[in-house]
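Participant: So that we are looking at the same thing, I have put the structure below in structure tokens.
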Amino acid sequence: MAKVVRRQIREIFGDTLNKAFLPFIEVFVWIAALLLLDFLLQKIFGGIFGLIAKHSKFTWIKKFYTHKVFRSLIHFIPLNILISINPYVFQRYHGFDEFADKFINLIIIVLILRFLFRVIDAIIDINDAEASHTTVGVRTFGQMIKIFVAFFGILTFIATLIDVKIGQILTVLGALTAVVLLIFRDSILGFVSGLQIASSKSIKVGDWISVSKYSIQGIVKEINLAVTKIENFDKTVSTVPTYDLIASEVTNHSWMTATNTRRIKRPIVFNVNSFSFCDEEMLSRFKKIDLISAYIQLKEEELKESNKNITNKDYVINGRQLTNIGVFRKYAENYLSNRNDISKSDKIVVRQLELTSQGLPLEISCFASSSDMIEFERIQSDIFDHLISASKEFDLEISQPFVIQHHD
């Protein structure tokens with residue numbers, strides 16, 4: 001094939017141009033042929049491995065196929081052919097021999113790194129699918145191995161590119177370690193943090209996050225080596241060190257938006273002096289409230305049965321009794337359950353918190369069925385507008401802090 005190519009080129013360009021262009025044309029033809037071979041092998045064997053993975057019962061085969069481990073192996077077939085023909089094609093021409101050797105070695109390094117990275121990712125994915133106690137350990141160890149592989153791979157690539165031994169590079173790096181760490185401390189921390197963020201997939205550009213250390217909340221616009229830019233909701237931009245996204249507490253609200261729900265959690269503080277047992281007049285009024293009418297009737301029957309053996313029934317604290325705050329708590333639960341904009345698949349909790357100097361907090365906890373900020377705030381405001389106003393129908397009083405006015 002090579003002789004035919006050379007003869008055709010000689011006939012077209014003549015002897016003078018042939019000597020000048022033949023090396024470039026022949027090298028180009030061989031590289032194009034190898035790329036075409038690699039493409040065909042990927043299509044043929046890629047399809048075969050895809051069918052095997054689809055019908056295989058082994059998880060590791062499916063994961064290896066998903067992470068393209070088999071495809072990485074196929075690349076080594078054309079590479080092996082390239083190594084075989086190197087002495088007969090590329091090294092026949094003066095000036096191409098050293099370049100060809102170096103080029104092939106660089107390709108080998110890149111393919112091996114790519115193969116190892118995909119194997120490690122596949123192993124981590126297999127372990128994550130099993131959901132065992134070793135999941136975190138394997139993931140952390142795998143990420144550490146990837147860092148070491150990348151480090152030594154880059155060193156090998158540089159050593160091959162500039163024709164020096166790795167030991168010499170390590171010796172120079174060892175002598176300059178203190179200076180490098182001092183000068184590039186933030187960059188090194190940012191680089192390591194970037195690798196950890198990319199590996200863990202905890203934060204990405206476009207996520208809504210809160211950084212408690214700096215009291216910042218906004219949308220991630222850019223993650224650089226040293227700093228991360230966060231756009232606040234007032235359209236200002238804050239920058240934080242990238243390593244703080246790993247070293248400090250960061251809340252990613254985008255996981256919440258993915259479910260399109262957002263938690264409402266806020267208390268209403270009541271004046272305990274407004275708490276009382278329910279008398280007949282109160283219960284009669286409460287029966288007219290549709291959301292708790294059935295509840296009141298059921299409770300009256302339960303209390304009547306429970307208190308039938310009470311001796312002094314005129315004394316209100318004897319036996320079981322309903323209270324206005326307890327009935328209101330049930331009303332709040334039913335009210336939330338009947339709203340269409342409250343998630344029914346998440347828990348609805350109305351509970352009392354610890355008594356404070358301002359009163360007794362009644363905490364409302366539920367999930368709005370929309371994570372959009374404007375819609376969420378509307379739903380939350382509607383709920384508390386209603387509950388605060390409805391509490392008056394239960395003879396309850398909302399606590400308000402007293403403001404001491406100083407008179408001159």
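Participant: Putting +1 on Lys and Arg Cβ atoms and -1 on Asp and Glu Cβ atoms, find which of I48, F64, A32 reaches farthest to the positive end of the dipole of the stretch 31-73.
Facilitator: Of the listed residues, the answer is F64.
Participant: Show me the ranking of peptides 321-327, 372-378 by mean Cβ neighbours inside 10 Å, starting with the highest. Mind dumping the intermediate values first?
Facilitator: Details: 321-327: 18.1, 372-378: 13.1.
Going from most to least packed, we get 321-327, 372-378.
Participant: Now for a separate question. Jot down the radius of gyration and Dmax of the stretch 189-283, Cα atoms only, both in angstrom.
Facilitator: Looking at the stretch 189-283, its Cα Rg and Dmax stand at 20.9, 71 Å.
Participant: In the structure shown, do any of K54/K347; K62/K146; K62/K344; K68/K347; K287/K344 have a Cα-Cα gap over 30 Å, and if so which?
Facilitator: K54/K347; K62/K344; K68/K347
Participant: Per the Kirkwood definition applied to all pairs of different Cα atoms, how many angstroms is the hydrodynamic radius of the stretch 265-408?
Facilitator: Taking the inverse mean of 1/r over all distinct Cα pairs, the stretch 265-408 comes out at 17.1 Å.
Participant: Taking +1 at the Cβ of each Lys and Arg and -1 at the Cβ of each Asp and Glu, which of L336, L355, Q321 sits farthest along the dipole of the stretch 284-408 towards its positive end, judged by Cα position relative to the Cα centre?
Facilitator: About the Cα centre, the residue reaching furthest to the positive side is Q321.
Participant: Additional query: Tally Lys and Arg at +1 and Asp and Glu at -1 over the other residues with C-beta under 15 Å from the C-beta of Q42: what net charge comes out? Write down the numbers at each step before the final one.
Facilitator: Numbers: positive: K43, K68, R71, R114, R118; negative: D38.
Net of charged neighbours comes to +4.
Participant: If N is the number of residues in the stretch 231-303, what value comes out of its Cα radius of gyration divided by 2.2 N^0.38 Å?
Facilitator: Dividing the Cα Rg of the stretch 231-303 by 2.2 N^0.38 Å gives 2.15.
Participant: So, one more: As a test of reading the structure, rank K330, K165 by solvent-accessible area (1.4 Å probe, protein chains only), most first.
Facilitator: The ordering from most to least exposed comes out as K165, K330.
Participant: Please compute, for the alpha-carbon atoms of the stretch 213-263, the extent along each of the three principal axes and give them in descending order in Å.
Facilitator: So the extents along the principal axes, rounded to whole Å, are 33, 25, 18.
Participant: Which Cα, out of N260, A294, S306, lies furthest along the positive dipole direction of the stretch 258-335 (beta carbon charges, K/R +1, D/E -1)?
Facilitator: N260
The values are calculated or read from the model by the stated rules, or taken from the named source; none is laboratory data. On a predicted model such as this, the values are computed, not experimentally measured, just so you know. With ideal geometry, Cβ positions are generated from the backbone for all residues, glycine too; neighbour counts draw on all protein chains shown. Just the protein is used for accessible areas: all its heavy atoms, side chains included, with ligands, DNA and RNA removed. Shrake-Rupley method; radii C 1.70, N 1.55, O 1.52, S 1.80 Å.
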